[in-house]
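The values are calculated or read from the model by the stated rules, or taken from the named source; none is laboratory data. In this text, all values refer to a predicted model and were calculated from it rather than measured experimentally. Backbone-built Cβ (ideal geometry, glycine too); neighbour counts: all protein chains shown.
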Amino acid sequence: MTNIYACRDQDACAGVGGTWRDFHTECPPGAGECPPPIADGGGGGSCEPGCSVQNSYNCRTEDECESIGGTYEGRNMHLPPGDYPPPPPSMFCNVTLARCDLETFVGTCAASTAGGHESWQLCEADCGRFITQNYQRCQREPPAGMTSSQFTEQFGPIVQMCNTVNSDPQLERCASTSLEAVATMQRVCCDDDADCAANNGVPTRCTGDCADAFIPYFETCGPQLMIHDDSSALAAFYSVCTDSGSGDMQDPKLCHDNSGNSPWVAAEFRSGCSVWVKYIDSKTHETSDFVRLVGVGDPMVSTAQLLDVSKDICGKLNMVKRFAEDFSGILALSGLDEGKTVPLTVNEPATGNRVVHATNSGANRDAVKTQWQAAYDANVFNPDRCPENMYGR
């Protein structure tokens with residue numbers, strides 16, 4: 001929908017819920033006599049957002065305007081004084097005081113749910129946008145046949161959910177890309193999966209190209225989706241991709257099957273196989289300078305042991321990446337509990353070893369994910385040598 005003006009034909013326009021306007025066959029209101037259509041039916045056109053409360057300027061007729069609860073009115077043009085006849089009023093759809101019509105709400109959301117959108121995905125569809133934009137106005141003056149409390153009970157949870165989505169940058173990014181992810185999931189993962197259609201469009205296997213396409217998305221977004229709706233198609237597929245089925249805490253899939261959080265905002269892998277991190281103190285909320293990471297947890301598990309786990313289970317080629325970006329998985333593989341804060345034992349040149357409590361969040365993970373590779377040098381910190389020679393081992 002954000003690229004609706006790139007739709008070059010009527011089918012593509014309809015696919016995103018737009019309205020196709022043929023050149024030479026439709027004229028704006030008040031334009032007078034329209035030019036005749038091109039003889040061969042060509043001449044092109046443009047795709048515009050459909051008539052809606054948020055796009056009332058695209059309501060070109062009285063019927064369209066009234067269908068969204070607006071009033072089709074004339075607006076006089078303000079011209080400098082002069083001796084000439086006044087121009088005819090310019091017609092527009094006034095939605096300022098549009099009535100709150102239940103059929104409009106239901107019709108808008110029916111189109112969204114028919115498109116396969118579920119739960120939080122409605123927030124990125126017309127349904128969620130329409131409800132959140134009109135909620136307060138219609139709460140004061142609810143649709144005919146509904147009390148204010150009934151309206152609040154029916155639509156309040158959707159508004160609360162969408163406000164949560166829009167206020168969380170990571171969740172908002174996940175939601176905004178979810179529709180594309182669903183389409184990709186069904187295109188890449190359902191071609192050879194006979195059970196896919198029978199499983200409400202959710203693939204039953206996550207291997208090969210399908211896993212390659214979705215593991216990165218699920219690493220960041222899967223846990224977020226599960227928190228807000230564990231019944232959606234993407235959340236169900238997240239379970240397929242990450243469920244080992246064996247219950248083995250040493251299963252390599254746990255390298256991905258994690259909450260997507262990180263207890264540091266930056267990581268550097270330096271000589272001597274040492275790991276240096278920046279963290280946000282959970283009490284002061286201040287970001288530290290780089291400090292050497294000695295261990296994690298209480299009782300402490302050493303950095304060398306954690307690197308061993310990453311190397312042995314997640315693979316030597318992925319050791320550094322998993323340690324930097326997927327530390328929730330390393331914690332799970334090491335049997336360490338994870339919470340909103342994580343105790344870190346760090347070494348500071350002035351004070352020596354001390355235990356700090358770092359925030360542990362998806363925002364931290366996003367930060368370190370975009371940072372660590374720029375500073376990483378395989379000639380300085382090489383998985384072939386680490387952590388065997390770490391701390392003199």
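Looking only at segment 223-241, decide whether some residue is at negative phi, among the polar types (S, T, N, Q), at pLDDT 90 or above and in a loop (DSSP other than H, G, I, E, B). Within segment 223-241 (the criterion being at negative phi, among the polar types (S, T, N, Q), at pLDDT 90 or above and in a loop (DSSP other than H, G, I, E, B)), the answer is no, since none of the residues qualifies.
Take segment 357-377 and flag every residue that is in a strand (DSSP E or B) and surrounded by 19 or more Cβ atoms within 10 Å (Cβ to Cβ). Walk me through it before giving the result.
Applying the first criterion (in a strand (DSSP E or B)) to segment 357-377 yields 357-359, 361.
If the condition is that a residue be in a strand (DSSP E or B) and surrounded by 19 or more Cβ atoms within 10 Å (Cβ to Cβ), then Ala358, Thr359, Ser361 are the ones that fit.
For segment 316-330, state whether one or more residues are modelled with pLDDT of 90 or more, among the small types (Gly, Ala, Ser), assigned by TED's automatic domain parsing to the domain that holds Asp281 and closer than 26 Å to Glu172 by Cα. Yes, the conditions are met somewhere in segment 316-330.
Applying the criterion of being modelled with pLDDT of 70 or more and not in a helix (DSSP H, G or I) to the residues of segment 167-199, the residue that is surrounded by the fewest Cβ atoms within 10 Å (Cβ to Cβ) is Thr177.
When segment 135-165 is limited to residues that are under 22 Å from the mean Cα position of the chain (by Cα) and β-branched (Val, Ile, Thr), the one that is surrounded by the most Cβ atoms within 10 Å (Cβ to Cβ) turns out to be Val165. The strands (runs of 3 or more DSSP E) found wholly in segment 249-352 and carrying at least 1 residues that are without any contact (Cβ under 8 Å) to a residue 40 or more places away in the chain occupy 274-278.
Annotation: Thr370 fulfils all but one of (1) touching a residue at least 12 places away in the same chain (Cβ under 8 Å); (2) over 15 Å from Val294 (Cα atoms); the unmet one is (1). Mind checking whether some residue in segment 324-340 is farther than 24 Å from Thr284 by Cα and touching a strand residue (DSSP E or B) at 6+ places or on another chain (Cβ under 6 Å)? The answer is yes, given that some residue of segment 324-340 is farther than 24 Å from Thr284 by Cα and touching a strand residue (DSSP E or B) at 6+ places or on another chain (Cβ under 6 Å).
Which of the following residues is at pLDDT below 80, under 29 Å from Asp366 (Cα atoms) and not basic (Lys, Arg): Gly128, Gly107, Gly115? Being at pLDDT below 80, under 29 Å from Asp366 (Cα atoms) and not basic (Lys, Arg) holds for just one of Gly128, Gly107, Gly115, which is Gly128.
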